[in-house]
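Here the structure is laid out as structure tokens; the discussion comes afterwards.
The values are calculated or read from the model by the stated rules, or taken from the named source; none is laboratory data. Just so it is clear, the model here is predicted, and its values are computed rather than measured. For neighbour counting, all protein chains shown are included, and Cβ atoms are generated from backbone atoms with ideal geometry for every residue, glycine included. Heads up: the accessible areas ignore ligands, DNA and RNA and are worked out on the full protein's heavy atoms, side chains in. Shrake-Rupley method; radii C 1.70, N 1.55, O 1.52, S 1.80 Å.
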Amino acid sequence: MTRQSRTSPAASERSLHQAYDTALLDLDGVVYAGGEAIAHAVDSLAVARAEGMHLAYVTNNALRTPDAVAEHLGELGIPTEASEVITSAQAVARLIAEQVEPGSKVLVIGGEGLRVALRERGLVPVESAEEEGLAAVVQGYGGPDLAWGRFAEASYAINRGVPWYASNTDLTIPGARGIAPGNGAAVEVVRIATGAEPQVAGKPLPPMHRETVLRTGARRPLVVGDRLDTDIEGAFNGEVDSLLVLTGVTDAAQLVRAEPRHRPTYVDRDLRGLLTGQPAVEQAGEGFRCGGWTAVAVDGRVLELRGEGGDPLDGLRALCAAAWTEAGDGVCALDAEKALARLGL
């Protein structure tokens, strides 16, 4: 089955941490939320690492440096080297460095992660649009306290014709209290003020995938994420397999309606899914069966769940197969509300 024609979550007889050599893990919504470890993340990653899987942490959040991220993961009980952290700040810094002269000045709208990544590429981060010889503007997530005036500073430079880059365009970011505006929301503010379009480096775009491959050397990677439009689409674009975990932004209803580029290879509740195989979804008459559940499209209008039940996640996998098959290369328009309510997901 090609990724372009994926109509069902895949099966794996082997546990995923044995089937793949490297897990490319998103952080926010996968490993932690609001700075605190997500349930089962620490223990699951410890087992995966102990049994030979290489762990790399790939984040669109450009705020913190790899050193700071590694230190935070260590505090959560996940021993990590800075070299195991890949950020969109690193990806956008490489992208800029390939297009401007060494030693060029770059206006930074964001946090320390961007400044460190720019210096690593031989560029000079600056704070004012009035800097003489300004070569680029780069925008990344700056945290909830980023001053509004920073967006104005970016706009002044961009409106004069200075090239604009963005680490990523995630509209939201998960936190301890819920979902908050992400860097993509801030990019929209500057876009409205300038009418310009930035060059973007982060997931799901190729610069981030290239940065990850260069830094990890993974040969059989598995992307692990919580977002369809960044993590899973990034895996699709990079032609590698993916595991969606339901601990962050994406919910069951969004997964059922996923278009082809947003359909993960596997789906599980949380990072315990790394340590297990994945059950098969099989065609059963006019529907699709997984575990004790069978999902059927009825009269081209509604998705129904039948059978004796069991693990709700198996029901979700069956629903995905029925919905994705019905949708083909589009988005499923069938009503799945009652079926999803049965699962409690």
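Counting other Cβ atoms within 10 Å, which GluC sites (Glu not before Pro) in region 277-345 have at most 14 and lie in a DSSP loop?
Here the GluC sites (Glu not before Pro) that fit, given the DSSP loop and packing criteria, are GLU286, GLU308.
Quick one: Debye curve from the alpha-carbon atoms of region 98-224 only, equal weights, vacuum; give me log10 I(q)/I(0) at q = 0.15, 0.16, 0.17 Å⁻¹ to two decimals.
-0.73, -0.82, -0.92
Report the accessible area of VAL116, computed with a 1.4 Å probe over the heavy atoms of all protein chains in place, in Å² rounded to the nearest 10.
About 60 Å², rounded to the nearest 10.
Over all Cα pairs of region 208-321, how is the pair count split among 5 Å bins, expressed in % and running from 0 up to the last occupied bin?
Pairs per bin, as whole percents: 2, 12, 21, 21, 19, 13, 7, 3, 2, 1, 0.
Could you sort ARG263, ARG342 by their accessible area in this structure, using a 1.4 Å probe and putting the largest first?
Reading off the accessible areas and sorting them downward yields ARG342, ARG263.
Before rounding to the nearest 500, sum -39500 (n - 2.57) across all DSSP H runs of length at least 4 in the chain and divide by the residue total; then give [θ] at 222 nm in deg cm²/dmol.
Rounded to the nearest 500, the figure is -9000 deg cm²/dmol.
Please sort by residue number the GluC sites (Glu not before Pro) in region 59-103 whose DSSP state is loop and whose Cβ has at most 15 other Cβ atoms within 10 Å.
Taking region 59-103 and a limit of 15 other Cβ atoms within 10 Å, the loop GluC sites (Glu not before Pro) found are GLU81, GLU98.
Could you tally the net charge around ALA48, taking each other residue with its Cβ under 12 Å from the Cβ of ALA48, Lys/Arg +1 and Asp/Glu -1?
Summing Lys and Arg as +1 and Asp and Glu as -1 gives -1.
Under the Karplus relation 6.51 cos²θ - 1.76 cosθ + 1.60, θ = phi - 60°, what is the ordered set of whole-Hz ³J(HN,Hα) values for region 143-159, x standing for Gly and Pro?
In residue order, the calculated couplings are x, x, 9, 4, 5, 4, x, 5, 5, 5, 4, 4, 4, 4, 5, 5, 5 Hz.
With angles folded into 0 to 90 degrees, how steeply does helix 312-327 sit against the dominant principal axis of the chain? Use alpha carbons for both and round to 10.
Around 80 degrees separate the two axes.
For region 278-329, which trypsin sites (Lys or Arg not before Pro) are in a loop by DSSP, counting at most 12 other Cβ atoms within 10 Å?
Counting only loop positions with at most 12 other Cβ atoms within 10 Å, the trypsin sites (Lys or Arg not before Pro) in region 278-329 are ARG301.
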